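The values are calculated or read from the model by the stated rules, or taken from the named source; none is laboratory data. For clarity, every value in this text was computed on a predicted model and none was experimentally measured. Cβ placement follows ideal geometry from the backbone for every residue including glycine, while neighbour counts extend to all protein chains displayed.
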Amino acid sequence: MSTRQPILEVRNINKTFGSVIALADVSMDLLPGEVHCLLGDNGAGKSTLIKTFSGVHKQSKGEYLFEGQPVEFDSPRNALDMGIATVYQDLAMIPLMSIARNFFLGSEPKRKVGPFNLFDHKFANRTAREEMSKMGIDIRDPSQPVGTLSGGERQSVAIARAVYFGAKVLILDEPTAALGVKQAGTVLRYIVQSKSKGIAVIFITHNPHHAYTVGDRFTILKRGRTLGTFTKNELPREEMVRMMSGQDELEALTHELEEFRHSDDLKAAGQSTEIDQQLARGS
Amino acid sequence: MTTTAQANQDERVAEVGGLRKFLSRPELGAFGGAILVWLFFAIVAPVGFLSLRGTANYLEVSAQIGILAVAVALLMIGGEFDLSIGSLVALSGAATAILTTQYGLPLYVSAIIALIFALLAGMLNGYLVVRTKLPSFIITLAGLFVYRGLTIAMTRLITGRTQVGGLDDMPGYGLMESLFALRIPIGEANFRISILWWFLFAGIATFILLRTQIGNWIFGLGGDETAARNVGVPVDRLKIGLFMTTAFSAWLVSTITVIQVKSADTLRGDQFEFIAIIAVVIGGTLLTGGYGSAIGAVFGALIFGMVRQGLVFWGVDADWFQVFMGAMLIVAVLVNNFIRKRAEVANR
């Protein structure tokens, strides 16, 4: 894996918002055709990192290389044009618009009729159907509103759209977070399919099982720093589950609670003796 | 919706089409409502209402609101309001009349200059909304007062009055009359050319909305501005363009009325902005944007015209008209919500 050239790489990047350090000395790289999971607790810097990748933020320090060349993005559209597509959990789709209209929003297919440039509905409907069926979702009617789709299907349309418009890097921000087991499966299946097309995927999730099922490598962030990147072999499932479910913290918490209980017991015991004494005194 | 891997089952598309497609159109409620209103007045006031003359009469009334409503529909689908169009009707009408009567310009030249004023006002509305990020409701509410006040103050300053008449004696009236006030005789009735302008405008709006890239952008803008911006829709320019479209419609209506009545009045167009919004909402457009139709707005305006003139034919005091329109608005919103929910379920 290490012999391939990374499609996207950041070296020692820092990002500060005023006095808040969101990212400190973070390095990671992304290879074509891999699913790279970005793991970490809330506030670990995952969002800041992917927003840097997708052109929303600019790093304060450090290098950002795309296909080996240093890049600087002014806007998300800029990054999108280079082939870096981001699918956000909530901002993916417009519910009242049809699937086909959503699919092509901003990049409408056109058909010239006389002096007019028409929106090519036939092409849009056909393509949306085809692209969705490639990922195993059969849409009967691409002109139905996206609002009638399930959450997983909506995410899938967003991903299919990014892939269709030539994404080389696909950044997925918790695409399975709000989904049921079956729907999450739909999305995970499509992540693997995108990977097999040679697309590099950055996959953010809180679910260790989702991460371990599709991930090739795992980068773990904690408090704005990276704890390193691990391959599947280097990071056994149990170890990752332990890290992601915060087992250490949970153990510490259990310990703490036990101490509380202990002191409560002591107090309770002390109080009861006081009461007993009072009762005994007859007051 | 199923998740089978089989593709290209095209024959199933037809299954969903046809009747259900029709039932899921946003203008369905207004279409049904227009038929009901027509039937109602056909029963209670058949003599005047059903005659060709009666028809020409309510179509003419509908056309003025209809032209505004079509433009407002585009804007509201894009997620914004324009409360300033009634005042812009007065502003551009007064500008046309003053430029001709006081400065001797031919009417068509004055009208073109008035159009430029109106478009600039629309551009200013849009620019302020885009730059300040304030709700367009607030920006154009300010516009409602500023443009109306400006019209009254300037007209009084220049002419000493609030009405400017006698336009039929002015140069260029003949040409303008044939463009904007022509009577087309059909049977015993004269149909005004404004009705054709209304239909033409509605046709163009519908074409843009449903068949062009800009139409897709308008739906996207109203549906989710951030999402639209992220995929590269030029949101700001689009918004300004929509405000200029409503301003254009105000100019068209003002020109039609100024030429038809041969005078300008600084109070003209009062409350037109609200009636246009009512027509658009009756036409099935969502107040929150992202969903709606220009054809629906046509039916909404048609309902307005039929009720307003129908009450006259019926012999009911016209004072009741506003009560009727207000109640109609509530009913229309409830009916449209019901239909839209059913349509979404039916599409599953």
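Among the residues of segment B:82-126, those identified as more than 28 Å from B:Asp236 (Cα to Cα) and surrounded by fewer than 19 Cβ atoms within 10 Å (Cβ to Cβ) are B:Gln102, B:Tyr103, B:Gly104, B:Pro106, B:Tyr108, B:Val109.
For segment A:29-54, the set of residues classified as under 23 Å from A:Val163 (Cα atoms) and either acidic (Asp, Glu) or part of a strand (DSSP E or B) (or both) consists of A:Asp29, A:Leu30, A:Glu34, A:Val35, A:His36, A:Cys37, A:Leu38, listed by residue number.
Each row is one residue, and each column tells you yes or no for (1) under 25 Å from B:Gly165 (Cβ atoms); (2) at pLDDT 95 or above; (3) under 17 Å from the mean Cα position of the chain (by Cα).
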residue: B:Trp198; (1), (2), (3): no, yes, yes
residue: B:Trp217; (1), (2), (3): no, yes, no
residue: B:Arg237; (1), (2), (3): no, yes, no
residue: B:Phe243; (1), (2), (3): no, yes, yes
residue: B:Trp251; (1), (2), (3): yes, yes, yes
residue: B:Thr255; (1), (2), (3): yes, yes, yes
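Selection of segment A:131-189 for residues being polar (S, T, N, Q) and within 9 Å of chain B (Cβ to nearest Cβ) yields A:Ser133, A:Ser143, A:Gln144, A:Thr148, A:Ser150, A:Thr186.
Residue check: A:Met93 meets all listed conditions (1) surrounded by 24 or more Cβ atoms within 10 Å (Cβ to Cβ); (2) farther than 27 Å from A:Leu8 by Cβ but one, namely (2).
Can you list the helices (runs of 4 or more DSSP H) found entirely within segment B:208-261 that contain at least 2 residues being more than 9 Å from chain A (Cβ to nearest Cβ)?
Working: elements: B:213-223, B:225-230, B:235-261.
Helices (runs of 4 or more DSSP H) meeting the threshold: B:213-223, B:235-261.
To keep it simple, each residue is scored yes or no on (1) more than 13 Å from the chain's Cα centre (by Cα); (2) of a type in the set (Lys, Arg).
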position: A:Val157; (1), (2): yes, no
position: A:Ala177; (1), (2): no, no
position: A:Lys182; (1), (2): yes, yes
position: A:Gly185; (1), (2): yes, no
position: A:Leu188; (1), (2): no, no
position: A:His210; (1), (2): no, no
position: A:Thr213; (1), (2): yes, no
position: A:Asp216; (1), (2): yes, no
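Once segment A:222-259 is narrowed to residues that are among the charged types (D, E, K, R) and part of a strand (DSSP E or B), the residue that is nearest to A:Ser27 (Cα to Cα) is A:Arg225. Just to be sure before I move on: is B:Ala5 assigned to a loop (DSSP other than H, G, I, E, B) and at pLDDT below 90 in the structure I sent? When the stated conditions are applied, B:Ala5 passes them.
The set of residues in segment B:173-221 being among the polar types (S, T, N, Q) and within 14 Å of B:Gln260 (Cβ to Cβ) consists of B:Ser178, B:Asn190, B:Ser194. Among the residues of segment B:316-336, are any at positive phi, modelled with pLDDT under 95 and part of a loop (DSSP other than H, G, I, E, B)? No, because not a single residue in segment B:316-336 is at positive phi, modelled with pLDDT under 95 and part of a loop (DSSP other than H, G, I, E, B).
Looking at the structure I just gave you, is A:Lys197 touching a strand residue (DSSP E or B) at 6+ places or on another chain (Cβ under 9 Å) and closer than 24 Å to A:Leu65 by Cα?
Details: touching a strand residue (DSSP E or B) at 6+ places or on another chain (Cβ under 9 Å): no; closer than 24 Å to A:Leu65 by Cα: yes.
No.
Any residue at all in segment A:38-50 that's surrounded by fewer than 17 Cβ atoms within 10 Å (Cβ to Cβ) and either more than 30 Å from A:Tyr212 (Cβ to Cβ) or among the small types (Gly, Ala, Ser) (or both)? Lay out the reasoning, then the answer.
The initial filter retains those residues of segment A:38-50 that are surrounded by fewer than 17 Cβ atoms within 10 Å (Cβ to Cβ), namely A:41-43.
Narrowing further to those that are either more than 30 Å from A:Tyr212 (Cβ to Cβ) or among the small types (Gly, Ala, Ser) (or both): A:43.
Looking for residues that are surrounded by fewer than 17 Cβ atoms within 10 Å (Cβ to Cβ) and either more than 30 Å from A:Tyr212 (Cβ to Cβ) or among the small types (Gly, Ala, Ser) (or both), one finds at least one in segment A:38-50, hence yes.
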